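Derivation of every value follows stated rules applied to the coordinates shown; laboratory data play no part. Treat the numbers as computed from the prediction; the structure is a model and nothing was measured. Counting neighbours? That spans all protein chains shown, and the Cβs are built from the backbone with ideal geometry, glycine included.
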Amino acid sequence: MIAVYNIIFHIGFLFMLPVFLFRMLYLNKYRAGMLQRFGFYPKEIRQKLKEGRNIWIHGVSVGEVIAAQPLIALLKSKYPGNKFVISTTTNTGNQVARKYAGAADIVIYYPVDFPYSVKKAVRAVDPELFIMLETELWPNMIKALGNGGVPIFLVNGRVSDNSYNWYKKAVPVLRIVFKYISAFIMQAKLDAERIIRLGADSAKVSYAGSLKYESAIGDEPDTDEIIELASELGIQGNDIVIIGGSTHEREEEMLIKAFSKVKKKCISAKLILAPRHPERFNKVIAVVKESGFIYSTRKKIKAFNSEEKQKKEIIVLDTIGELKKVYNLGNIVFIGKSMFGKGGQNILEPAAAGKTIITGPHMENFRDIMTQFINANACVVVNSEVEFEENLISLCRDKSRAKELGRRAKNLVIANCGAASRIAEKVEKAAFHRTQDAGVGSRN
């Protein structure tokens, strides 16, 4: 069995090698932190890692890092003697993690899943506990942690339709990987059922809701911050602000086209476009420039005086980590990645801000959350660009309907908080209580 196991993991390593190399060489979001991705950390990080008892929490990118914050806060209150090591895969995730990190926290890049890299990283971090958000199943990392006796938790786990179809082809490998995982704390019942079908021990599987509800409510800007941001962007109280949140290919063009029709009926309308990926900023700016609207970017608008700012009809949000705050300036928010079949982006942040939300038909990555929103009549789902335009114009004119949709959305977020405490309780019970006699919680 051991021989077969080793063969499987070495085949996986050889198969993934070209993928890793391509990502690091050609994709900006994976290029940063190259040495750290192979387990080589700067001296100051190595020193900090040696100074305390480390809990390692991994989130791939921005969304996972933000979702983790309520859980991290709870674990810090329960275990003040531990340091927290937060790792990310993408550069943008790393930047956001640094923004949220406390003085004692350590932010690193997650190692590429090569046997040498993960062993080196695990030795350096020497964690007492490893928590991975969503469904980050890197076999060599899980093997290295498991062989070192580190309790491993998959939390806020979800198995999307696409992931489930792919994972079904790898069940023999997953069954080996899953043996090392102490608990699978999934978002919803269907996610729990799917992870069991993929080979997880049902005794280790539970579901606790989504962390994204609490992270959406947390870290809200105060009134003064919102007023200051509105002033910086040239937005006035009578403006109707439409936001395209975390947009993807083709969606900016759709929004600009619809915006041009809105402007004919609502002169005070403004459009804020927030592309999901920084590498698309320049392309989106070029699209906006061609539209003929008076525009600026978030970075450049600071240079204009108040009157010039107020004339800007479209603003491209070319910064990282500001979208949640910017949502507070909006009236109507379109959720990106939802119109052209890509699975959707986070609906909860604009909902927590009480905004009117429109999505396309493709929100598969937020399947259970969307079911709740639809059942509560807390958003508008459109199936085509024509429907989007019609509903956008209607909502700009029918302010009472728009306000009611926003109220329902915010109430839904508030009602579904609590996952962080449920997850923290399960982690404490399964990891710390179970292993007290083995010495977890204090290094030798």
Starting with the fewest neighbours, write out 160, 246, 231 ranked by other beta-carbon atoms found within 10 Å of each beta-carbon. 231, 160, 246
Report, by chain and number, residues whose modeled amide H sits under 5 Å from the one on residue 297, excluding near sequence neighbours (fewer than 5 apart, same chain). 316
Filter the cross-link list 168/429; 325/403; 257/337; 76/179; 270/355 down to pairs whose alpha-carbon distance in this structure exceeds 22 Å. 168/429; 76/179
Calculated [θ] (222 nm, deg cm²/dmol) that DSSP helices of n ≥ 4 give over the chain, each run adding -39,500 (n - 2.57): -14500 deg cm²/dmol
Using mean Cβ contacts within 10 Å as the protection proxy, how do 309-322, 206-219 order, highest first? 206-219, 309-322
Out of residues 5 or more away from residue 57 or on other chains, whose amide H comes under 5 Å of its own, with H placed 1.01 Å from N in the peptide plane? 85, 86, 87, 131
If the viscosity is 1.567 mPa s and the temperature 4 °C, what translational diffusion coefficient in µm²/s does Stokes-Einstein give for segment 219-415 when Rh comes from Kirkwood over Cα pairs? 78
For the chain, built as a Gaussian network whose Cα springs stay under 10 Å, the top-fluctuating residue of 65, 287, 155: 287
Hypothetical label at residue 415: residues of segment 353-373 whose amide nitrogen lies under 19 Å (7 Å Cα-Cβ projection): 353-358, 367-373
Given points 7 Å out from each Cα along the Cα-Cβ axis, report the residue 429 to residue 294 separation in nanometres with one decimal. 6.0
